[in-house]
Amino acid sequence: MVLTLQVNGQAHQVQAAPETPLLWVLRDELQLTGTKYGCGVAQCGACTVHLDGLPIRACQTPVSAIGAGQVATIEGLGGGHPLQLAWVRHDVPQCGYCQSGQIMSAAALLASTPKPSDSEIDAAMDGNICRCGTYQRIKAAIKDAAGLTPAAPVLRT
């Protein structure tokens with residue numbers, strides 16, 4: 001079936017069965033490989049994208065459920081989003097696998113709650129697993145991007 005998807009502000013025609021997970025359409029059809037496959041059961045958050053501004057798990061969202069909705073991926077944030085810059089300043093990534101999902105969840109939080117509390121950050125990031133355990137740096141980077149703390153210096157090795 002041919003579907004038209006709005007992804008990162010552009011219309012894309014894709015060929016996919018209605019039950020195909022959005023993740024595979026993004027990665028295989030549109031070559032947007034920033035969205036990662038993690039667990040395949042919507043539990044780890046590596047595949048998080050936005051649908052009409054809300055975070056969803058692309059591994060469990062059938063492409064037919066998107067309709068006329070606006071999908072945003074990590075590529076849609078560009079390279080200079082405040083969260084991406086804060087991620088670098090706080091040396092968040094280690095293996096980096098979960099980072100696009102983490103950033104997309106954090107971006108949705110900041111879009112709806114520009115100055116989140118610790119409990120709001122915890123709630124928004126719940127379900128985004130970081131196997132490297134950088135949770136404290138993730139929280140610090142979110143606070144930095146929100147302007148809640150002074151920006152940390154860029155770490156260089």
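Here are the numbers for the structure shown:
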| quantity | calculated |
| --- | --- |
| Of residues in the stretch 108-142 being among the β-branched types (Val, Ile, Thr) and either under 20 Å from Leu85 (Cβ atoms) or in the same structural domain as Ala72 (by TED's automatic domain parsing) (or both), the one surrounded by the fewest Cβ atoms within 10 Å (Cβ to Cβ) | Thr113 |
| Test: residue in the stretch 20-29 that is surrounded by fewer than 13 Cβ atoms within 10 Å (Cβ to Cβ) and modelled with pLDDT of 95 or more | no |
| Condition broken by Gly76, with the remaining ones in (1) free of Cβ contacts under 8 Å to residues at least 24 places away in the same chain; (2) more than 18 Å from Tyr37 (Cβ to Cβ) satisfied | (1) |
| Residue match in the stretch 78-95 (condition: in a loop (DSSP other than H, G, I, E, B), of a type outside the set (Asp, Glu), out of contact with any strand residue (DSSP E or B) (no Cβ under 9 Å at 6 or more places or on another chain) and at positive phi) | yes |
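Residues are listed down the side, and each one gets a yes or a no for (1) among the acidic types (Asp, Glu); (2) without any contact (Cβ under 8 Å) to a residue 60 or more places away in the chain; (3) closer than 13 Å to Gln102 by Cα:
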{"site": "Gly34", "(1), (2), (3)": "no, no, yes"}
{"site": "Gly40", "(1), (2), (3)": "no, yes, no"}
{"site": "Cys44", "(1), (2), (3)": "no, no, yes"}
{"site": "Leu51", "(1), (2), (3)": "no, yes, no"}
{"site": "Arg57", "(1), (2), (3)": "no, yes, yes"}
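Residue-wise test of (1) in a strand (DSSP E or B); (2) exposed (fewer than 14 other Cβ atoms within 10 Å of the Cβ); (3) not aromatic (Phe, Trp, Tyr).
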site	(1), (2), (3)
Leu5	yes, no, yes
Gln13	yes, yes, yes
Thr35	no, no, yes
Cys39	no, no, yes
Ala42	no, no, yes
Ala68	no, yes, yes
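The values are calculated or read from the model by the stated rules, or taken from the named source; none is laboratory data. Worth saying up front: this structure is predicted, and the values here are computed from it rather than measured. A quick note on method: Cβ atoms are made from the backbone with ideal geometry, for glycine too, and the neighbour counts reach across all protein chains shown.
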